[in-house]
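None of the figures in this text is laboratory data; all of them are computed from the coordinates on show. Everything numeric here is computed off the predicted structure, so don't read it as measured data. In this analysis, Cβ positions are derived from the backbone assuming ideal geometry, glycine residues included, and neighbour counts consider all displayed protein chains.
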Amino acid sequence: MGESLTLSCGSAPSPVDSGLMSEAVSRLNVSVEGSVVAVEGDVDAHTCPDLIAALEPLPGSGDVRVDVSAVGFMDSSGLRALIGAHQNAEAAGRRLVVARPSSAVLRLIEISGLSDHLHVESVD
Amino acid sequence: MGHTGHMDRSVGGLTGEHVLSVPADLSRIASLRNRVSDVARAEGAEDSVVGDLTLVVSELATNVVQHSDASQISLVLRHEPGRWVLEVDDAGDEDTLDPDSPPDPEALSGRGLFIVQAIMDEVESVERGGSRFLRCIKLVG
């Protein structure tokens, strides 16, 4: 049975924000089961450390599948996390696969010219 | 002026101009993104434009936090006929501003700048009243 690990990143609003219900802090949930890293939420400079931490050990064996179907937003911070893990995987003779990419992730990868560099699973 | 993170103080006589400001903290950038997407949607922007503006704002805001000593991230979002204009205050040290000096080489380095320039149709550094800001324009429709 694979190891299961859940990382959560997000801070509660500070007291001064209590009246501003529309304010939202970046929230990211990363869970690992076997060699599948499931990412849910927003990946930005604030939240990406949790993604980096989950990818760093290259969990499981064989392809590391990063399921980003539930990623509503990602910017270049998240891209750097993926690229770093991609390079680590290659060095270890494995692959990092960006699985079930959401439209936000696809757009980011395409606009960054990385569609042919990262292993991006096509959306069915 | 207190840092209460108050948002969306419309200023001036320009129609549809939104001034957004949050403390310069990485954890606050999400609220800035959400506000930008709210504004863009309210003004009828297509999903793809909303996504693009949000991404650019995230990159620019991150840059302010990581590469300047500004205590606030301030931006102006303006919907003009046929285009969106985004201006982000660089908030550098005004006293040492030298109009002849090159821009901070670390500013918007790497992928962040590439993404902004790939998405926006025009990106220029503008000096106004002793401070610098970045003006980005996306043509729509």
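Some observations on this one:
- Other residues lying with their Cβ under 12 Å from the Cβ of A:SER76 contribute a combined charge of -1, Lys and Arg counting +1, Asp and Glu -1.
- Environment charge of B:MET120, counting only residues whose C-beta is closer than 9 Å and scoring Lys/Arg +1, Asp/Glu -1: -2
- In terms of its C-alpha gyration tensor, the stretch A:19-124 comes out prolate, because a/c is 1.5 or above and the ratio a/b outweighs b/c.
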